[in-house]
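Here the structure is laid out as structure tokens; the discussion comes afterwards.
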Amino acid sequence: MKLLFIGQVNKNDGGSKRIVPLLSHIGIKGYETSMVVNSDDYDYLQKNIINANISTCDVTYSSIFSRFHRMSGIEREFILSVKMFLQSFKILKVLDTNIIYCFNPHLYSGGVGLICSRIFKKPFVLEFSDFSWEWNTYVPNSNTSNSVLKINGSIQKRILKHADIIITTPFLKEYCIKEGISKKKIYTIPCGADANIFNKKINYSDVVTKYELEGFNVIMYTGALYKSFGISDLLDAMDLVIKKHKNTKLVLVGSYIEKEMKEFIEKVEMYGLKDNVIFVELQPYSEIPKFINSADICVNPFPGNLICRAGSPVKVFEYMLCGKAVVHSDLECVEDVVTHGKTGLLYEADNVQDLADKITTLIENPELRKQLGDAAKKLILEKYTWDKLGDKLIECFISYTKH
């Protein structure tokens, strides 16, 4: 089987944490992959994806022109779409590809893949992982206007409807069915984690020393520090937790929006938690296992908004594979993964008191933490390592091509 992948894969994005190991597993299985890709780190892709031929696509203005005009999001997407189409067309003319596999229904990925699939009569497989056209509503950090995003959303919905196979999450599967897409061509394949990277063998003493965590109950969150991801709610909950357990520290590791971070810091100061809350800037991915292993409890405080319900949070699988007790909101995004009282604790989404209560329960019950952590690790090793998920993806490809 020969595969052409089309999409954008940036090193620290949640999407790349999924796409890179899946494509690497496909290569390990002996299948040949060609990639037409836009990335912020092509060396990273080259080193981590096995048996892949990578064609790069960048979008930049000359230094002279860039002084007078800042490229808008829609300009960049249009230019990137043209370049990726031309590169994909060139590859497909000489390569007998069995599958065209695209990451999300953006014009430059799914749009290009759809056009190429129709020209070359190849199956079009589309990963659908989020409502990108809704992001401005929840993460106000885009240089693309709402009206443009709305038009883009309409285009993406059309691309979705023309995919031969859709790989998605439970919530987005239901969305696709409501949009009139046949459930026969929709497969749910969640995210996972790498047991070679996320395990208890990691030496994390430098993290404990640097952030003075020794002797504290350590609560950990790794990922984007956005209000829309529940960080403000988590700070509210920690105020309640620390009133009962003062020897507790919350560590938050990830990228942020300046305006929102100022609000977080103001809230920490208002609650008098400067000694209990530690913000850590985005770290290299190789460092994340250290932070997770330094924790007693890991938390993902996703509220019940569209973008949180839609995804499959990689961080949760990483927490669980490290054998950590997890507290998570009761959303579809962890359906069949975090089972309350068995592989973690679930709290009612958007309920700060319930979040605080669940964290407190785990602080006060070390045996329960160990029980949940051990069960969580066992589950991930059995069902959600990247090799097992990669096999599922290959099965989707093979079953469709046979059909």
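Key figures for this structure:
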item	result
Filtered residues of the range 75-91 (kept if over 24 Å from the mean Cα position of the chain (by Cα) and touching a residue at least 12 places away in the same chain (Cβ under 8 Å))	F78, I79, K83, F85, Q87, S88, F89, I91
Contacts under 6 angstrom Cβ, first residue in the range 211-240 being over 22 Å from V314 (Cα atoms), partner among the aromatic types (F, W, Y), 6 or more apart	D239/Y271
Residue count for the range 247-278, restricted to those that are touching a Gly at 6+ places or on another chain (Cβ under 9 Å) and under 23 Å from D296 (Cβ atoms)	4
Pick from the range 324-334, criterion touching a residue at least 24 places away in the same chain (Cβ under 8 Å) and of a type in the set (D, E, K, R), ranking: surrounded by the fewest Cβ atoms within 10 Å (Cβ to Cβ)	E332
Residue ID - nearest to N98 (Cα to Cα), chosen from residues in the range 360-403 that are at pLDDT below 95 and among the β-branched types (V, I, T)	T401
Condition met for G254 (surrounded by fewer than 16 Cβ atoms within 10 Å (Cβ to Cβ) and either without any contact (Cβ under 8 Å) to a residue 24 or more places away in the chain or within 19 Å of A193 (Cβ to Cβ) (or both))	no
Residues that are surrounded by fewer than 18 Cβ atoms within 10 Å (Cβ to Cβ) and in contact (Cβ under 8 Å) with a residue 40 or more places away in the chain, drawn from the range 380-391	L381, D387, K388, D391
Verdict on Y138 being modelled with pLDDT under 95 and closer than 26 Å to P313 by Cβ	yes
Pairs with Cβ under 7 Å, 6+ apart, first in the range 137-158 and loosely packed, with under 14 Cβ neighbours inside 10 Å, second part of a helix (DSSP H, G or I) and modelled with pLDDT of 80 or more	K150/W133
When residues of the range 1-35 are limited to those that are in a strand (DSSP E or B) and without any contact (Cβ under 8 Å) to a residue 60 or more places away in the chain, the one farthest from D391 (Cα to Cα)	M35
Pair list, Cβ < 6 Å and 6+ apart or interchain, from the range 168-183 residues that are farther than 14 Å from K157 by Cβ to residues that are surrounded by fewer than 15 Cβ atoms within 10 Å (Cβ to Cβ)	K183/I177
Residue tally, condition polar (S, T, N, Q), part of a helix (DSSP H, G or I) and surrounded by 14 or more Cβ atoms within 10 Å (Cβ to Cβ), over the range 335-379	3
Identity of the residue in the range 202-235, assigned to a helix (DSSP H, G or I) and in contact with a Lys or Arg (Cβ under 6 Å, 6 or more places away or on another chain), that ends up surrounded by the fewest Cβ atoms within 10 Å (Cβ to Cβ)	L235
Matching residues in the range 24-73 - criterion: being surrounded by fewer than 13 Cβ atoms within 10 Å (Cβ to Cβ), at pLDDT 80 or above and of a type in the set (K, R)	K47
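Here's the yes/no breakdown for (1) in a loop (DSSP other than H, G, I, E, B); (2) over 30 Å from N98 (Cα atoms):
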| site | (1), (2) |
| --- | --- |
| V148 | no, yes |
| I151 | no, yes |
| S154 | no, no |
| K157 | no, no |
| L160 | no, no |
| I181 | yes, no |
| I197 | yes, yes |
| K200 | yes, yes |
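The values are calculated or read from the model by the stated rules, or taken from the named source; none is laboratory data. Every value quoted in this text rests on a predicted model; they were computed, and no experiment measured them. In this analysis, Cβ positions are derived from the backbone assuming ideal geometry, glycine residues included, and neighbour counts consider all displayed protein chains.
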